[in-house]
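Note sheet for the following structure.
The values are calculated or read from the model by the stated rules, or taken from the named source; none is laboratory data. It should be emphasised that the depicted structure is a prediction, and the values quoted were computed from it without experimental measurement. Here the Cβ positions follow ideal geometry from the backbone for every residue, glycine too, while neighbour counts run over all protein chains shown.
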Amino acid sequence: MTTIRPPEKRNHWMFSVNPHQYHWDTLFVKGKEMWRGAGTRPDALRALKQVRKGDRVLCYHAAPERALYAIAEVTRDPYPDPHDLESKMLVADLRAMERLPRQVRLDELRGNPAVRKLKFLKNVRLVISPVTEEEYQEILRMAGIVATPGLPLP
């Protein structure tokens with residue numbers, strides 16, 4: 001007798017980058033890439049340790065753009081950065097999914113009561129921020145992604 005396990009819950013995250021150091025277009029050109037954006041920041045490393053394969057990532061560009069740009073998928077659980085000789089940094093592999101039909105600016109996020117509890121909005125210096133299912137769905141709606149009956153959102 002085979003037991004069917006329920007699918008694990010997919011989590012959602014916001015990864016923020018400085019577009020002058022790394023632009024999310026790079027991920028779309030390459031298709032998939034090792035993301036090294038957490039660096040050695042303790043808050044980012046703690047958050048990255050909770051990221052899992054299959055999770056969705058809202059890709060955010062910090063100043064000067066200050067806008068959500070795209071959606072990516074985590075393709076491998078976080079692991080030690082192979083380029084870090086001191087083994088202090090973690091990385092995660094990401095796969096490009098789609099650019100948002102419309103970028104969602106920081107001021108729009110702040111103005112929407114449905115996402116006002118988003119941890120990132122309390123500290124925009126966060127590199128990695130958890131996003132609830134409800135916040136994720138609302139952000140996709142704001143970006144112009146509408147659910148098709150019977151099909152899951154990205």
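Some observations on this one:
- In segment 100-116, the qualifying residues are those that are at pLDDT 95 or above and not in a helix (DSSP H, G or I), and the one that is surrounded by the most Cβ atoms within 10 Å (Cβ to Cβ) is Val104.
- Out of Ala62, Ala92, Ala47, one residue alone is surrounded by fewer than 20 Cβ atoms within 10 Å (Cβ to Cβ), within 27 Å of Arg141 (Cβ to Cβ), among the small types (Gly, Ala, Ser) and touching a strand residue (DSSP E or B) at 6+ places or on another chain (Cβ under 6 Å). It is Ala62.
- You will find that of Ala67, Ala62, the residue that is aliphatic (A, V, I, L, M), in contact (Cβ under 8 Å) with a residue 12 or more places away in the chain and farther than 20 Å from Ala38 by Cβ is Ala67 and no other.
- Within segment 18-39, considering residues that are part of a loop (DSSP other than H, G, I, E, B) and among the aromatic types (Phe, Trp, Tyr), the one surrounded by the most Cβ atoms within 10 Å (Cβ to Cβ): Trp24
- In segment 40-67, the residues that are within 24 Å of Leu109 (Cβ to Cβ) and assigned to a loop (DSSP other than H, G, I, E, B): Arg41, Gln50, Val51, Asp55, Ala62, Ala63, Pro64, Glu65, Arg66
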